[in-house]
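Novice: Supplied in structure tokens, the structure appears directly below.
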Amino acid sequence: METEIVSVDNDMDNLLSYQRAVDILKNGGVVAFPTETVYGLGALATDADAVQRIFEAKGRPSDNPLIVHIGNKEAVDKFAVDVPENARKLMDAFWPGPLTLVFHKRPGVIAENVSPGFDTVGLRMPDHPVALTLLRTLDGPLAAPSANRSGKPSPTEAAHVLTDLKGRIPLIVDGGKTGVGVESTVLDMTANPPEILRPGGVTREMIEEVIGPVHAESKSPSASDEEAPRAPGMKYMHYAPESPLFVIQPDEAEIREAVRQLHSEGKRVAVIGPDEFEIAEADWYFPVGPLHDNVAMAGNLYGAIRKCDLTDADLILAAATDHKGVGAAVMNRLLKAADGKRFNG
Ligand code: TXA
Ligand code: MG
């Protein structure tokens, strides 16, 4: 299969590009498109054959449920039942935006394989003009996981999608680099209190300001992976770089020392860290923004991991950050990429 890319950035032919995407989707095909978090791989959520094509293109385990994207808040009641008042408050506060809400699903509307074996559905209204235009032109719900091959970091640029899915999907709608850079927060509204299944761009603090206390996983994702059966996606290996990745303290001297030690063992080292650090010893250095600028780090982390994959590094060191704001989501993803490993000499 040829993979076509259409750009919708300042493109005179925007309407034709959207129409091309909608034609593919209405005929049961899949299309990659940008959201404000990461690129998604969409299929019509009411068409089980189309949804099946997502799992095939990604090589994704079919028991991991997909998020359904909608173009307006009113669509929630078409696909979900028992929507609590607190959820409406969150929708008013954060939609469109990087917050997925899990509800009891309305029977018989969304294809069964979107959340197989679950009586719930995760819904989100993305805050990206291209995603919203696509959803509104389609006038239907899009099941869409991140548009990476299973086990790769989520794509934050169309080029990442092409690297992973070239020849496996017919169309990529290129809307430039995504903004948030880590996937949406997933909040289970069927739990009491509601439970954060995956931290993301809408932080715990932001949610609690609107609806009061929620339950959240511990800060150690390696432990919670085993202990959180209600977070199905979290049990799968995710975001794995080609070389082993170790999280290290964001301390310039400590990182230098680590690189020296690894060199003495004959290893080549790629380092992911803040803009300010000068680690001349590193074989490759990929900056992800100013020190403790967690928003910048979220936006640049997956791209940096992908750059490491293009090197011959034997090992990757990635500088940690704090848990403030989106930092919780960044550290969650980083520790997953590291499989929980921290470098301590
Ligand atoms: O930002 C995002 O959420 C991106 C963009 C494309 O929207 N999508 C994304 O999808 O990250 P995916 O499939 O890579 O991750 C979906 C997560 C998984 O952890 C999955 O287990 C969880 O959401 N999820 C989806 N439906 C669920 C449900 N009904 N109950 C519990 N968890 C659910
Ligand atoms: Mg994903």
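Novice: How many residues does segment 269-321 contain that are touching a residue at least 60 places away in the same chain (Cβ under 8 Å) and assigned to a strand (DSSP E or B)?
Specialist: Within segment 269-321, residues that are touching a residue at least 60 places away in the same chain (Cβ under 8 Å) and assigned to a strand (DSSP E or B) number 5.
Novice: Being of a type in the set (Gly, Ala, Ser) and part of a helix (DSSP H, G or I) is the filter here, so list the residues in segment 244-268 that pass it.
Specialist: Ala253, Ala258, Ser264
Novice: Out of segment 136-162, which residues are more than 30 Å from Leu245 (Cα to Cα) and either within 19 Å of the chain's Cα centre (by Cα) or assigned to a loop (DSSP other than H, G, I, E, B) (or both)? Steps first, answer last, please.
Specialist: Here is the first cut: in segment 136-162, the ones more than 30 Å from Leu245 (Cα to Cα) are 136-143.
Residues satisfying the conditions are Asp139, Gly140, Pro141, Leu142, Ala143.
Table: residues versus (1) surrounded by 19 or more Cβ atoms within 10 Å (Cβ to Cβ); (2) modelled with pLDDT of 95 or more; (3) farther than 25 Å from Asp9 by Cβ; (4) within 10 Å of ligand 1 (Cβ to nearest atom).
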| residue | (1), (2), (3), (4) |
| --- | --- |
| Asn64 | no, no, yes, yes |
| Val76 | yes, yes, yes, no |
| His128 | yes, yes, no, yes |
| Ala144 | yes, yes, no, yes |
| Pro155 | yes, yes, no, yes |
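Novice: Out of segment 24-41, which residues are aliphatic (A, V, I, L, M) and either within 15 Å of ligand 2 (Cβ to nearest atom) or closer than 21 Å to Ala159 by Cβ (or both)? Please lay out each step first, then the result.
Specialist: Residues of segment 24-41 that are aliphatic (A, V, I, L, M), as a first pass: 24-25, 30-32, 38, 41.
Listed by number, the residues that qualify are Ile24, Val30, Val31, Ala32, Val38, Leu41.
Novice: Still on this structure, please answer the following. Any idea which residue in segment 1-29 is modelled with the lowest pLDDT, counting only those that are aliphatic (A, V, I, L, M) and assigned to a loop (DSSP other than H, G, I, E, B)?
Specialist: Going through segment 1-29, the residues aliphatic (A, V, I, L, M) turn out to be 1, 5-6, 8, 12, 15-16, 21-22, 24-25.
If we keep only those that are assigned to a loop (DSSP other than H, G, I, E, B) as well, we get 1, 8, 12.
Numbers: Met1: 92, Val8: 90, Met12: 67.
Step by step, filter segment 1-29, then rank; the result is Met12.
Novice: Going through segment 42-61 one residue at a time, which ones are of a type outside the set (Phe, Trp, Tyr), out of contact with any Lys or Arg (no Cβ under 9 Å at 6 or more places or on another chain) and within 14 Å of ligand 2 (Cβ to nearest atom)?
Specialist: Hits for segment 42-61 are Gly42, Pro61.
Novice: Quick one: which of Leu138, Leu132, Leu142, Leu162 is of a type in the set (A, V, I, L, M, F, W, C), in contact with a His (Cβ under 9 Å, 6 or more places away or on another chain) and in contact (Cβ under 8 Å) with a residue 12 or more places away in the chain?
Specialist: Residue meeting the stated conditions: Leu142.
The values are calculated or read from the model by the stated rules, or taken from the named source; none is laboratory data. Predicted model only: the values in this text are computed from it and were never measured. Virtual Cβ from ideal backbone geometry, glycine too; neighbours counted across all protein chains shown.
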